[in-house]
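Below is one structure, written out as structure tokens; comments come after it.
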């Protein structure tokens, strides 16, 4: 079966299709020992040998993990972060090289998807597919319902307007108010900045869902394989056939 070279490189976990095109154009890929710079080149994986950086590449077995990231962990794999703990310390028993899809701030906990499927990861992050990210945000004080209604109207932030897809108060307890809020975009510190625009600084923030994938009862600091139905629903939501 013939495949475009950039798709094959993506299947091998080398890079996304777009970045694979850049790699090909720069002369970083060889096919059967010859540098290949033609972006539309197709190859036969059963007959052709593809090399990147002098090493033969082959399709990886894709893994799709759901991790419940604790607070005070950096969303990074294989990177030095001074004395801070990184999420790769939570998945020492995963043999494949998986990477986080997006990130959570150092002081934010909750759902992270990790995978070596670069094509799907790029689709999850692309704003075109408008995958909802759902958060549980806890603020101090007894916040009235009128604030949640005002939030639904949106507000202007320094980098443009922001309006949640949904927001509701789910609990008031011991001087704290808990919100559940969802956005389909992923700007830096969006949820924190949005609450601060309404005069409320978040005390605790947790992501509980990305599209159809939910954290559920997964314990803090633990991971699980994505369920078959979740993966199918996620691929469908991201515009990709399984």
ask   = Do we find that residue 236 is within 28 Å of residue 19 (Cβ to Cβ), surrounded by fewer than 19 Cβ atoms within 10 Å (Cβ to Cβ) and without any contact (Cβ under 8 Å) to a residue 60 or more places away in the chain in this structure?
value = yes
request  = Among the candidates 77, 124, 113, single out the residue that is in a loop (DSSP other than H, G, I, E, B), over 13 Å from residue 9 (Cα atoms) and in contact with a strand residue (DSSP E or B) (Cβ under 9 Å, 6 or more places away or on another chain).
outcome  = 77
request  = Check residue 148 against each of (1) surrounded by 14 or more Cβ atoms within 10 Å (Cβ to Cβ); (2) touching a residue at least 40 places away in the same chain (Cβ under 8 Å); (3) assigned to a helix (DSSP H, G or I) and name the one condition it does not meet.
outcome  = (2)
request  = Give just the number: which of (1) surrounded by 15 or more Cβ atoms within 10 Å (Cβ to Cβ); (2) not in a strand (DSSP E or B) does residue 177 not satisfy?
outcome  = (2)
ask   = Any chance segment 85-92 includes a residue that's over 13 Å from the mean Cα position of the chain (by Cα), farther than 19 Å from residue 191 by Cα, touching a residue at least 24 places away in the same chain (Cβ under 8 Å) and outside any loop (DSSP other than H, G, I, E, B)?
value = yes
key: Qualifying residue in segment 16-38 (condition: part of a loop (DSSP other than H, G, I, E, B), closer than 24 Å to residue 212 by Cβ, modelled with pLDDT under 95 and in contact with a helix residue (DSSP H, G or I) (Cβ under 9 Å, 6 or more places away or on another chain))   = yes
note = Of the listed residues (220, 231), the one being over 30 Å from residue 156 (Cα atoms), in the same structural domain as residue 122 (by TED's automatic domain parsing) and surrounded by 16 or more Cβ atoms within 10 Å (Cβ to Cβ) is 231
key: Filtered residue count, segment 10-33, keeping only those that are surrounded by 17 or more Cβ atoms within 10 Å (Cβ to Cβ), more than 16 Å from residue 99 (Cα to Cα) and in contact with a strand residue (DSSP E or B) (Cβ under 7 Å, 6 or more places away or on another chain)   = 4
remark   = For segment 44-74, the count of residues that are in contact with a helix residue (DSSP H, G or I) (Cβ under 6 Å, 6 or more places away or on another chain), assigned to a loop (DSSP other than H, G, I, E, B) and buried (at least 17 other Cβ atoms within 10 Å of the Cβ) equals 0
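The values are calculated or read from the model by the stated rules, or taken from the named source; none is laboratory data. Values in this document were obtained by computation on a predicted structure and should not be read as measured data. When we count neighbours, we look across all protein chains shown, and the Cβ atoms used for this are built from the backbone with ideal geometry, even at glycine.
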